[in-house]
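Here's the structure, in structure tokens; my notes come after.
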Amino acid sequence: MSKSYITTPLYYVNARPHIGHAYTNIIADCLARFKRLCGSEVFFLTGTDEHGEKIRKVAKLSGKEPQEFVDEVSANFKDLWQKLNVEYDFFIRTTFDFHERIVQEVIKKLHTKGDIYKEKYKGFYCVPCEAFWTAIQVKESGGVCLDCKRELEVIEEENYFFRLSKYQSWLISYLKENPEFIKPSTRYNEVLSFLENNSLEGLCISRPKKRLSWGVEFPLDNNYVVYVWFDALLNYISAAGYNQDEERFKSIWPADYHFMAKDILRHHAIFWPIMLKALEIDLPVTIFAHGWWNFEGEKISKSRGNIVNPLELIKDIGVDSLRYFLLREIPVGGDGSFSWKAIVNRINSDLANDLGNLVFRTLNMAEKYFSGRISSSSPAVPREFREVLSEIEGSYKGLMDKAEFNTVLEKIFKFINVMNKYIEETKPWALWKAGEKEKINIFLYSLLEGIRIVSIYIWPVMPFTAESINGQLGIKSRELRIENAGWGLHGDFKVKKEKPLFPRIDVS
Ligand code: ME8
């Protein structure tokens, strides 16, 4: 059986989750469900990043001990994933004991190899981001933090460093030999060109306790804690059993997809592969950096305060409509502009008018003309459906594998519209008047088969909807499997219509 290890970033617990976090987890969930649909053994990992000064500060502001605070916020993320129907296999928190132990073991290992050294260092430091920037970077940015654009402090102190430079030329060659390693290709080009035009300096992986105390204790020196990023990246192997259960680790690692947005691509595409290489661990298969959701032209983010609350959206429009909107509206690699108008358009036209209406009126006819019982007819695919259906069959797996969800949905909705047109052109009401029962049965069977197949294809994107359609089609115990998406695989139907799947949103 093939396996798929899929990860999301571990989100900082300094605030509640927003739509950007929801987006990454919906992408990862959609891919995980697709892999399960194809019979793959999936390990889907998500979690929270809980160390660091900014988290300690927010905890203090809310009058809580750091651990109590991170327990609460981490639970908010878990709650959101449950509400969004995100079915992960394990939720890792960087404050778990086993993870902290692995972080310390890794540092000791790299130190023994000579890849960690101590040095006095003067650098430009961003307190909120806990990041050091080099003089060249600061010159380019005009003296502010490259991430959050805040003022920087000049800090001089002794720290421990990880020897990135030793692996730079290896990473460049690796990228050249593996152009599919970073996706989309624009991001691959960016990383490669950065590596070819800059010399990597040592990565500062310690923070003195006098300045920052909420972190994993540095194993070589108890005056320090570990830098949050070095700690957090290691979750991808600690959660898979590294240095704890080698059998399990072998069966899960390497990760097949690391999902994140472009803001943290360098951490994943430069630091992480080098850390793995130094540890003599295989590299992940794909690092996938998606785009940003913007709101009124600005990236949606905690620090800008323009967050869109996914819990509110679920209440207003429902989970599947939200998942559909996010995955249909933009290609995974691009940026998206978030607006209520765009959501309403998508829901009313694609979901209420096209899909919802198709299911409702087909089942309505099945009940009206045949009391819901449609016998299986000739297995031939109607002429009108052939081209569009074979286009989906031929491209579905390839596109889903590349996370090209918007293109897949476009093709599925083309088929839905062909079915709607088929109803209009066949005019079943006229056939009924003419007493053509046999013809109407064939017509309805074709539509029900088409809808059944659609339900399999859309399940990764809209699981509740797909399952509701299955229930209405009387397919209760059938497992959702890609091999069932073939035409004519279902016998007689006994259907029972429910209320429309997607009520229209009133904009007046
Ligand atoms: O960076 N559009 O955590 P974080 C799309 N703890 N996605 C967005 C987004 C937006 N406007 N805003 C956030 C961290 N995201 C580290 C990660 S991993 C070992 C450590 C999503 O809470 C997107 O996935 O700042 C982005 O990469 C991530 O949230 C950043 O989450």
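Quick notes on this one:
- Think of it as helices only: each DSSP H run of n ≥ 4 in the chain is worth -39500 (n - 2.57), and spread over all residues that comes to -14500 deg cm²/dmol at 222 nm.
- Cα centre as origin, Lys/Arg/Asp/Glu Cβ charges: the range 122-182 dipole, Debye: 220 debye
- Karplus-derived 3J(HN,Hα) values for the range 16-22, using 6.51 cos²θ - 1.76 cosθ + 1.60 with θ = phi - 60°, are 6, x, 10, 5, x, 5, 4 Hz; glycine and proline are entered as x.
- Averaging the sequence gap over all C-alpha pairs within less than 8 Å and six or more residues apart, then dividing by the number of residues, gives the chain a relative contact order of 16 percent.
- Taking Cα centre as origin and charging only the Cβ of basic (Lys, Arg, +1) and acidic (Asp, Glu, -1) residues, the dipole magnitude of the chain rounds to 1000 debye.
- The range 124-251, accessible surface, carbon-and-sulfur percent (1.4 angstrom probe): 48 percent
- Heavy atoms of SER468 accessible to a 1.4 Å probe, total area in Å² rounded to 10: 30 Å²
- The relative contact order of the range 306-444 comes to 31 percent, based on Cα pairs under 8 Å that sit 6 or more residues apart.
- Quotient of Cα Rg and 2.2 N^0.38 Å for the range 345-494, N being how many residues it contains: 1.01
- In this structure the amide hydrogen of ILE205, modeled in the peptide plane, comes within under 5 Å of the amide hydrogens of TYR160, PHE161, PHE162, none closer than 5 places in sequence on its chain.
- Given charges at Cβ of Lys, Arg, Asp, Glu: the chain dipole, positive-most of ALA240, LEU80, VAL285: LEU80
- The count of lysine pairs in the range 379-484 that are at least 8 places apart or cross chains, and whose C-alpha atoms lie under 20 Å apart, stands at 7.
- Residue (of VAL154, TYR125, LEU164) at the positive-pole extreme of the range 100-209, dipole from beta-carbon charges: LEU164
- Accessible surface ranking that places the most exposed of THR186, THR465 first, with a 1.4 angstrom probe: THR186, THR465
- Residues of the range 444-481 with amide N under 17 Å of the 7 Å Cα→Cβ point at MET1: 479-481
- When GLU68, GLU156 are compared by accessible area at a 1.4 angstrom probe, the order from most to least is GLU156, GLU68.
- For the range 342-354, putting each phi into the Karplus relation 6.51 cos²θ - 1.76 cosθ + 1.60 with θ = phi - 60° gives couplings of 5, 5, 4, 4, 4, 5, 5, 7, 6, 7, 6, 5, 8 Hz, in residue order, rounded to whole numbers and with x for Gly and Pro.
- Whole-percent carbon and sulfur share, accessible surface of the range 345-494, 1.4 Å: 49 percent
- Distant-in-sequence amide H partners of GLY47 (H built 1.01 Å from N, under 5 Å): TYR11, ILE92
- Take ILE423: with every protein chain present and a 1.4 Å probe, its accessible area is about 0 Å².
- For GLU41, the residues whose amide H sits under 5 Å from its own are SER2, LYS3, SER4, ignoring neighbours fewer than 5 places away on the same chain, with H placed 1.01 Å from N.
- Gap separating the Cα centres of the range 44-65 and the range 154-187, nearest whole Å: 28 Å
- Positive-end residue, the range 312-372 charge dipole about Cα centroid, Cβ charges, pick of SER321, GLY336, LEU358: LEU358
- Alpha-carbon centroids, the range 217-277 and the range 448-495: separation in whole Å: 39 Å
- Summing charges over all other residues whose Cβ lies under 12 Å from the Cβ of LEU195, with Lys and Arg as +1 and Asp and Glu as -1, gives 0.
- Across the range 121-137, computed HN-Hα scalar couplings (Karplus, 6.51 cos²θ - 1.76 cosθ + 1.60, θ = phi - 60°) run 9, 10, x, 9, 10, 9, 5, x, 8, 6, 10, 8, 10, 7, 4, 5, 5 Hz from first to last residue, x flagging Gly and Pro.
- A straight line joining the Cα centroids of the range 351-389 and the range 408-428 runs 10 Å.
- Accessible surface, the chain, averaged per residue in Å² (probe 1.4 Å): 43 Å²
- Solvent-accessible ranking of LYS315, LYS299, largest area first, probe 1.4 Å: LYS315, LYS299
- Size of the chain as Cα extents on the principal axes (Å, biggest first): 92, 49, 40
- Within the chain, antiparallel bridges make up roughly 50 percent of the DSSP beta bridges whose residues both belong there.
- Cα-centre dipole for the range 277-409 with unit charges at Cβ (Lys and Arg positive, Asp and Glu negative), debye to 20: 300 debye
- Translational diffusion coefficient (Stokes-Einstein; Kirkwood radius from C-alpha pairs) of the range 37-185 at 20 °C, 1.002 mPa s, in µm²/s: 111 µm²/s
- Straight Cα distances below 21 angstrom link LYS120 to the lysines LYS108, LYS166, LYS209, LYS210, with same-chain residues fewer than 8 positions distant left out.
The values are calculated or read from the model by the stated rules, or taken from the named source; none is laboratory data. Remember, predicted model here, so these are calculated numbers, not experimental data. Neighbour counts are summed over all protein chains in view; Cβ atoms, including those assigned to glycine, are modelled from backbone coordinates with ideal geometry. These accessible areas exclude ligands, DNA and RNA; they are computed on the full protein's heavy atoms, side chains included. Shrake-Rupley method; radii C 1.70, N 1.55, O 1.52, S 1.80 Å.
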